[in-house]
Amino acid sequence: MEKQTGRPADTAPHNLILESRSQLTVTGVRKVIRCDPDSAALSLADCVLNLSGGDLSVTALDLERGEAKLSGRIDALEYTEARTPGGLLRRLVR
């Protein structure tokens with residue numbers, strides 16, 4: 001019997017490891033949407049992880065393994081729902 005996790009079948013788990021608010025390792029990364037000194041956004045399986053802080057930079061990225069490492073001052077982590085491709089009209093027609 002298969003265990004129900006409450007996640008859709010196409011989502012992959014991810015992990016965050018934050019060390020002293022200055023080193024962040026994220027697994028389950030599909031792509032880096034953006035990274036500038038004050039903010040970054042990473043696309044995960046079913047959501048987007050938004051970071052804010054200072055002097056942020058991606059220090060390592062391995063998309064085959066789904067792992068990203070960032071450094072800098074990390075002030076906030078926020079999850080947002082992944083945007084639906086196709087624009088406003090596609091979202092309204094659902």
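Does Arg73 satisfy the condition of being open to solvent by 100 Å² or more (accessible area, probe 1.4 Å), at pLDDT 95 or above and in a loop (DSSP other than H, G, I, E, B)? Here the answer is no, as Arg73 does not meet what is asked. When the residues of the range 18-47 are narrowed to those that are open to solvent by 20 Å² or more (accessible area, probe 1.4 Å) and among the aliphatic types (A, V, I, L, M), which ends up nearest to Ala82 (Cα to Cα)? For the range 18-47, the residue satisfying everything is Ala45.
The values are calculated or read from the model by the stated rules, or taken from the named source; none is laboratory data. Model, not experiment: these values are computed from the prediction. These area figures cover heavy atoms from the full protein model, side chains too; ligands, DNA and RNA do not enter into them. Shrake-Rupley method; radii C 1.70, N 1.55, O 1.52, S 1.80 Å.
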